[in-house]
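The values are calculated or read from the model by the stated rules, or taken from the named source; none is laboratory data. No experiment lies behind these values; they were computed from the predicted model shown. Don't worry about glycine lacking a Cβ; one is built from the backbone with ideal geometry, like all the others, and counts go over all protein chains shown. Remember, those area values only see protein heavy atoms, side chains included, never the ligands or the DNA or RNA. Shrake-Rupley method; radii C 1.70, N 1.55, O 1.52, S 1.80 Å.
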Amino acid sequence: MIDPGWIYLVAASLPVLASILLLCLRRWNRSWTAWIAVAALLGSTVLSCIGASLFQQHIQQSRDQLQAVQPWASSITWMSLSHLGYDGIGKLGYSYDSPAIELRLGYCIDALTSILIPFIALVALGVHFFAMRSMRKELKADLFDPIAHLHRPGRYTSFFMHLSFFTGAMLHLVLADNLLQIFLCWELVGLASYFLIGFYREQEAARTGSLKAFIMNRVGDAGFLIGIVILFTYTGTLNLITVKEEVRDILGNVVMEDGQPQWRIAQLSLSDALRTPMKDSHDDAFAEKGAEAGTMCRVNHVTTRTGRKKLELAEQGSHIVVWNQETLNGHYDKPDRRRFDAYDPGRTGGHGMGLRTVPYWMLTLAGLGLLLGCIGKSSQFPLQTWLPDAMAGPTPVSALVHSATMVAAGVYLLARIFPLLLPEVLLTVAYGGVFTAFYGATCALVQTDLKRILAYSTLSQLGLMFASLGVGGWIMALLHLATHACCKALLFLGTGAVVDSCNGVQDITRLGGLRRRMPVLAGLSLFACLSLVGLPLLPGWYSKDGILVSLLSFASLNVNHLLLIVVPMVTTLLTAAYLTRFWWLIYMGKPRDEAVTNSAQDVSGLLRWPLIVLAILSLVLVWLPTPWAMDNNWLVKHWQLSEPSSVREEGVLPLAAAAEQLANGYFKSESWLRPLYEATSLSPHVLSMLLAFVTLATGVALAWNRCRNVDKPWPLSASSFQRFLFNGWYWDAWIDRLITRPVLRLGHLYQIMDRWFWDEIIHQLARLARGIAWIEKQFDERMVDGIVRQSAVLTQSGGKTLRAVQTGSLRTYVMLAMAAAILLSLVIVIWTLWLK
Amino acid sequence: MTVTLMHYLVLAAILFVVGLACIIAKRNAIGTLIGVELILNAAGLNLAAFARYQPAFQLDGQVFTIMVIVLAAAEAAIALAIVLNFYNNAGTVDVDQAQELQG
């Protein structure tokens with residue numbers, strides 16, 4: 001049966017096709033070319049929405065049949081690495097009798113992606129519509145670039161080519177079912193981002209910004225590759241989702257069992273490989289020894305008294321069991337053939353037990369590597385500085401690429417590989433995210449460039465998502481991803497409209513009082529700002545509150561990690577402050593620079609509708625079916641289907657369970673929150689909500705108080721602390737000092753070494769070779785040439801001597817002949833006589 | 001005294017030496033030609049004498065003798081033609097004047 005997942009495949013491929021078409025058409029700088037990109041995107045939006053509704057039916061059917069919801073997945077073999085097998089201790093190597101390992105290309109639609117793809121397409125569609133209007137100046141054949149001070153032809157078509165390319169790559173990234181394919185799309189997305197940031201390539205800032213983004217992302221990608229290689233080496237697969245295939249008999253008929261087709265695992269998924277299979281699907285012996293299904297079995301290698309090697313389950317074991325494909329396949333075929341004790345590291349994979357182990361630290365390293373990839377893409381600490389600089393690109397790019405989709409890819413990937421991450425890695429994720437959230441919020445507080453404020457805000461919000469993932473708030477992180485994407489895209493597009501109508505001025509201190517000139521935009525921006533701040537009943541409130549609840553639950557269960565809730569609370573305050581400042585300085589007060597704000601006009605037509613659609617979309621995400629019961633929210637219920645089971649089983653608790661646990665006694669015993677709980681006697685959800693509300697109200701009040709009476713530029717005084725925040729904690733300077741300059745110095749050192757050591761050796765060698773060549777030349781000239789020349793000279797002089805005989809006188813000839821005859825006769829006579 | 005092969009051979013040798021001396025001594029081309037004729041006749045005499053005294057050469061000797069005579073005639077004709085041409089070109093028949101073939 002072909003599942004309807006191909007609809008998504010087509011949907012994701014349409015923008016790519018559009019970008020190829022636009023590549024051919026990019027010489028025609030006409031406005032209709034944008035419609036190709038928009039039409040393709042409209043097609044993919046419609047198709048993916050159809051796909052989502054089909055998937056909804058699929059879920060309903062599975063529920064009716066009391067079955068687990070199987071993802072729509074299909075893949076083809078891309079490359080076959082034949083005969084790579086595993087020996088007993090789990091090292092990849094050449095093994096003739098092992099089956100070929102395959103790299104596959106495929107798609108996987110589960111509950112998460114079935115909604116995420118139409119969501120991305122919809123946001124991208126809004127941005128495309130907005131860009132059709134806001135990039136209109138690119139249609140001119142002769143365009144003046146005020147920053148670079150030069151005239152150039154407009155690049156309207158090529159802008160949409162890049163934008164389509166980006167959208168296609170992003171959709172494929174979400175569609176991909178294995179890490180390698182995700183990595184490929186990851187790179188394509190990064191490439192598209194590079195093109196888009198550097199779209200105004202005549203400007204210095206755009207060039208350096210695009211390069212910076214590209215290089216920072218490469219650092220992260222190195223980690224990503226390391227993770228991929230480690231996982232592939234030990235598990236032999238990169239698939240995220242198990243692809244099952246039917247068992248067929250010799251005639252090709254599907255083997256049925258109680259009327260149901262019998263399945264076997266064709267391609268093992270990564271999390272299947274590292275976590276014990278469900279109890280009904282594996283050996284009882286393993287289950288009895290305390291290995292729980294869905295957990296990572298930590299084991300030690302022990303040697304028995306008889307000298308046999310075997311595995312022993314241990315709480316703090318140094319290795320983790322890898323269930324390879326043969327084990328599981330074999331298991332499905334013959335349930336009781338294999339015993340846990342029969343593990344024999346001496347045998348090869350084809351014949352042995354098939355149980356391999358991966359060292360714990362190696363898996364930690366793989367997780368950290370993948371995390372580094374996510375950090376690079378999502379602009380988290382310590383690779384965060386590229387995002388503010390990426391704002392040199394056009395505003396629609398900032399809205400789509402650098403707030404709504406690409407930077408969210410890191411969160412998406414982290415959510416996808418969540419089951420592979422060990423507790424240490426998750427803790428790193430949480431602390432890194434919390435720190436980045438705090439960092440971004442403090443930096444956003446004093447920025448004066450509109451887009452840089454939003455960029456720092458973006459990385460702060462992404463930090464919150466990371467933190468949430470780190471403590472197990474899986475769904476809330478993704479929900480925040482969605483609501484944040486809508487609101488931030490809305491803010492960015494609104495900012496773009498403001499900047500365009502104010503003669504390209506991005507300095508917030510020169511704006512102000514725009515609410516009278518652009519009331520609709522002011523209202524929409526206020527909505528987005530308050531949503532991100534977390535005003536109750538606005539979209540951002542639900543997700544942010546959810547994140548805070550997960551952090552609170554985690555921190556109250558692990559009091560050592562108290563910082564994980566304190567810092568986000570402070571961040572909430574700062575977020576409220578900087579977003580209030582942002583909105584207030586643009587729209588409230590009196591115009592600070594009449595020349596700039598005079599020409600401002602409210603958004604209309606193509607500029608207005610995308611903003612309204614984004615606002616409605618963000619409300620739809622959280623308000624259906626009812627705005628007040630989050631447990632009933634359609635998106636949460638939908639995404640719960642693809643929530644990894646490990647979220648519940650690894651000690652990091654889902655919200656509902658945590659809240660219940662907290663309410664049912666944890667508060668009443670030894671928790672640090674006990675006094676607070678007793679004082680309020682409220683559930684933790686309400687508690688965290690109240691805390692958050694108090695902090696955000698404080699933040700708003702502080703910022704409002706600061707901005708209210710100020711008509712002069714803000715910050716008023718450039719203290720050294722403000723400069724510190726303004727320059728992003730001087731992180732660029734630190735990178736420059738700690739990495740760039742030492743690397744350059746090392747390069748200089750190498751240059752000197754090259755010049756004075758290696759070059760010198762080579763020069764001496766060259767001189768030696770020249771000496772040898774000189775000797776050989778002498779030999780050639782004197783000996784070889786001499787022999788040839790001398791023989792010629794001899795022949796010549798012999799000829800000269802002999803020609804004297806040729807007198808031309810007949811009588812001389814005759815006389816000579818006679819003399820010779822006489823001489824010869826004499827010789828013969830004497831010779832004859834002598835012999836006798 | 002009977003005439004033996006030796007007598008013939010001695011006579012032919014004398015004839016040969018006379019011819020040779022004639023070639024060497026004479027500067028006149030005609031004289032040189034006469035010397036050549038003498039040498040040829042010495043050879044012919046030898047061949048005839050061998051044909052007479054050696055049974056194995058009975059026929060061959062006579063055939064070769066006739067051949068030599070024919071050759072001598074042909075040679076005389078060609079040589080005289082050369083001499084005439086030379087005379088036309090150089091105005092003399094002195095062989096010492098004909099030195100264009102020197103190396």
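Brief remarks on what is shown
- Segment A:807-825, residues that are open to solvent by 90 Å² or more (accessible area, probe 1.4 Å) and either more than 8 Å from every other protein chain (Cβ to nearest Cβ) or over 15 Å from B:VAL95 (Cβ atoms) (or both): A:LEU823, A:LEU824
- Within segment A:457-480, the set of residues being under 21 Å from A:SER525 (Cα atoms) and open to solvent by 10 Å² or more (accessible area, probe 1.4 Å) is empty.
- Qualifying positions in segment A:799-836 - small (Gly, Ala, Ser) and farther than 29 Å from B:GLU100 by Cα: A:SER825
- Flag for A:ASP545 being in a loop (DSSP other than H, G, I, E, B) and in contact (Cβ under 8 Å) with a residue 24 or more places away in the chain: no
- Test result for A:PHE435, touching a residue at least 40 places away in the same chain (Cβ under 8 Å), under 21 Å from A:ILE612 (Cα atoms) and open to solvent by 10 Å² or more (accessible area, probe 1.4 Å): no
- Matching residues, segment B:65-103, being within 14 Å of chain A (Cβ to nearest Cβ) and not in a loop (DSSP other than H, G, I, E, B): B:ALA79, B:ILE82, B:VAL83, B:PHE86, B:ALA90, B:ASP94, B:VAL95, B:ASP96, B:GLN97
- Within segment A:794-804, considering residues that are open to solvent by 70 Å² or more (accessible area, probe 1.4 Å) and more than 7 Å from chain B (Cβ to nearest Cβ), the one farthest from the chain's Cα centre (by Cα): A:ALA804
- Hey, A:TRP774 open to solvent by 70 Å² or more (accessible area, probe 1.4 Å) and over 30 Å from A:GLY440 (Cα atoms) or not: yes
- Inter-residue pairs, beta-carbon under 6 Å, first surrounded by 12 or more Cβ atoms within 10 Å (Cβ to Cβ) and in segment A:593-612, second of a type in the set (Phe, Trp, Tyr), 6+ apart: A:LEU606/A:PHE129; A:PRO610/A:PHE129; A:PRO610/A:PHE130
- Hey, B:ALA56 more than 14 Å from chain A (Cβ to nearest Cβ), open to solvent by 80 Å² or more (accessible area, probe 1.4 Å) and farther than 23 Å from B:VAL17 by Cβ or not: yes
- Residues satisfying the stated conditions in segment A:186-223, i.e. touching a strand residue (DSSP E or B) at 6+ places or on another chain (Cβ under 6 Å) and either open to solvent by 70 Å² or more (accessible area, probe 1.4 Å) or outside any loop (DSSP other than H, G, I, E, B) (or both): none
- Entry remark, segment A:505-529: residues being within 34 Å of the chain's Cα centre (by Cα) and open to solvent by less than 50 Å² (accessible area, probe 1.4 Å) number 8 in total.
- Only residues that are among the β-branched types (Val, Ile, Thr) and either open to solvent by 20 Å² or more (accessible area, probe 1.4 Å) or in a loop (DSSP other than H, G, I, E, B) (or both) were counted across segment A:106-165, and they come to 2.
- Those helices (runs of 4 or more DSSP H) lying entirely in segment A:719-818 with at least 1 residues aromatic (Phe, Trp, Tyr): A:720-726, A:731-735, A:741-753, A:759-779
- Residues within segment B:11-41 that are over 18 Å from B:VAL95 (Cα atoms), open to solvent by less than 70 Å² (accessible area, probe 1.4 Å) and away from chain A (no Cβ under 14 Å), tallied: 3
- Candidates A:LEU738, A:LEU794, A:LEU768 - the one that is free of Cβ contacts under 8 Å to residues at least 60 places away in the same chain and either under 30 Å from A:PRO388 (Cβ atoms) or in contact with a helix residue (DSSP H, G or I) (Cβ under 9 Å, 6 or more places away or on another chain) (or both): A:LEU738
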